[in-house]
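The values are calculated or read from the model by the stated rules, or taken from the named source; none is laboratory data. What you are looking at is a predicted structure, and each value in this text was computed from that prediction instead of being measured. Virtual Cβ from ideal backbone geometry, glycine too; neighbours counted across all protein chains shown. Quick note on the areas: whole protein, heavy atoms, side chains included, nothing else; ligands and nucleic acids left out. Shrake-Rupley method; radii C 1.70, N 1.55, O 1.52, S 1.80 Å.
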Amino acid sequence: MGFPRGRIFLGKTRCPSSNDEGSDMYDDIGGLLHDTFRNVEDDLGHEGVRDGPSEDAKRFFKLVEEGKEELYPGCENFSKLDLLELLKEAFPFARLPESFYKATSMIKDLGLHYEKIDACPNDCMLFWNDNVNADTCSVCGSSRWKNVVNVLTNKKTKTPAKVLRYFPLKPRLQRIFMCPETAEAMRWHATERPNDGNIRHPADGDAWKEFDSLHPEFSSDPRNVRLGLSSDGFNPFRTMSISHSTWPVMLMNYNLSPWICMKPEYIMLSMIIPGPSSPGNDIDVYLQPLIAELKELWEFGVETFDVESNQMFQMRAALMWTISDFPTLAMLSGWSTKGKFACPTCNHGTCSQYLKHSCKMCYMGHRAFLPPEHPFRRDKKSFDGKEDHRLAPTPLSGIEILEELREFKNVSGKGQKKRSRVNKCP
């Protein structure tokens with residue numbers, strides 16, 4: 001989430017202008033804050049709101065107040081949150097941030113900043129946490145840097161070979177509860193959802209109900225956040241002549257009602273995994289910062305100000321689902337979606353057959369999921385010439401999957417895999 005390009009105006013009153021034609025065609029930063037943080041500015045004058053918030057919440061409210069200040073006497077349309085250099089030339093006496101750094105600091109208080117985390121060019125590791133000061137990859141030995149020659153000075157400068165853009169999750173979830181409209185909407189699944197047996201929302205499903213039964217402490221507070229994760233690759237260059245795959249990772253907020261939880265403004269961009277190629281099974285290397293933050297939110301939570309109740313509470317979060325196409329499922333779950341046992345539901349009971357002329361695997365054992373007396377089970381002509389009375393395969397439990405993976409050693413990095421293949425060659 002970020003500010004749109006172009007001119008950004010504050011307030012609802014226009015600056016005096018000799019040309020009033022088309023003057024209703026403008027954007028305002030107040031509207032942007034309203035859309036993003038849902039009426040925070042409307043509640044700043046409420047007497048009870050200021051008594052409860054934390055220091056972080058106070059900084060946010062202060063930023064909203066500063067965003068309302070007139071840029072110069074008589075004009076309420078511009079604020080400190082507007083574009084800097086252009087406005088400095090246009091309004092030399094304007095009260096603007098003195099530097100780009102101070103402007104970005106203001107944006108950081110909104111919870112819209114991101115972190116740059118250097119990565120190994122072969123996707124082996126992140127230069128993060130204990131490895132933040134390392135210059136070479138501990139797995140493949142590749143350099144963290146690439147030398148770029150400055151055409152003006154003819155000097156080489158060090159730039160990271162690969163950079164992950166990570167958007168911290170905790171401040172963005174905290175901002176949701178600082179706005180009355182969204183703070184109330186976060187309770188929808190518990191307070192307003194119809195409970196008539198129909199499935200309209202994930203909260204009506206068995207997975208949600210089973211989760212509640214396993215974790216009653218978490219489910220006792222409807223403000224605790226339920227998330228879904230999705231990812232897929234795209235070519236940012238909009239042309240098929242350039243092979244490039246950048247992978248955004250998105251988070252969906254399932255506390256919200258079904259008519260808003262999948263709208264773009266409520267979907268959170270968690271990270272941007274750089275190209276030029278897909279991370280493949282090494283996507284777990286890039287997911288480390290998000291997983292670390294999710295573990296902290298699950299185990300300890302984060303102190304959050306709820307403007308609806310005017311009190312602090314310990315907000316926790318849980319990742320409930322991943323949403324992806326079939327190839328990405330293999331990347332996120334670790335289950336291979338190719339070959340003899342490609343079905344993650346049937347697992348070792350997958351009914352598969354190799355088609356030698358097309359050199360592909362096909363999966364035709366669908367009748368196992370039909371009721372025992374279904375006529376299709378006895379239909380030989382329409383299928384493979386045989387009756388099928390098999391029972392449906394039993395999905396693996398979490399304990400069984402953990403036991404199968406107990407001795408598995410995963411080696412991340414494309415460089416390592418390439419060298420392994422070379423070593424096997426005669």
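Numbers at a glance
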| item | result |
| --- | --- |
| Subset tally (residues that are in a loop (DSSP other than H, G, I, E, B), of a type outside the set (S, T, N, Q) and surrounded by 13 or more Cβ atoms within 10 Å (Cβ to Cβ)) for segment 348-357 | 1 |
| Enumeration of residues in segment 138-157 that are hydroxyl-bearing (Ser, Thr, Tyr) and not in a strand (DSSP E or B) | Ser138, Ser142, Thr153 |
| Search result, residues across segment 216-233 that are closer than 15 Å to Met315 by Cα, open to solvent by 20 Å² or more (accessible area, probe 1.4 Å) and not in a helix (DSSP H, G or I) | Ser220, Asp221, Pro222, Arg223 |
| Residues of segment 158-193 classified as part of a loop (DSSP other than H, G, I, E, B) and in contact with a helix residue (DSSP H, G or I) (Cβ under 8 Å, 6 or more places away or on another chain), total | 7 |
| Only listed residue being within 23 Å of His215 (Cα to Cα) and touching a residue at least 40 places away in the same chain (Cβ under 8 Å), chosen from Glu299, Glu265, Glu293, Glu308 | Glu293 |
| Segments classed as strands (runs of 3 or more DSSP E), wholly inside segment 235-347, with at least 1 members that are more than 30 Å from Ile199 (Cβ to Cβ) and open to solvent by less than 70 Å² (accessible area, probe 1.4 Å) | 247-253, 268-273, 302-306, 311-315 |
| Segment 213-238: number of residues that are more than 23 Å from Leu169 (Cα to Cα) and at pLDDT 90 or above | 3 |
| Scope segment 282-317; condition of a type in the set (S, T, N, Q) and under 18 Å from the mean Cα position of the chain (by Cα); matching residues | Gln288 |
| Residue check for Ser324: under 19 Å from the mean Cα position of the chain (by Cα) and not aromatic (Phe, Trp, Tyr) | yes |
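Quick grid of which residues meet (1) of a type in the set (Ser, Thr, Tyr); (2) without any contact (Cβ under 8 Å) to a residue 60 or more places away in the chain; (3) surrounded by 11 or more Cβ atoms within 10 Å (Cβ to Cβ):
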site: Trp145; (1), (2), (3): no, yes, yes
site: Val148; (1), (2), (3): no, yes, yes
site: Lys155; (1), (2), (3): no, yes, no
site: Leu164; (1), (2), (3): no, no, yes
site: Pro171; (1), (2), (3): no, no, yes
site: Arg175; (1), (2), (3): no, no, yes
site: Ala185; (1), (2), (3): no, no, yes
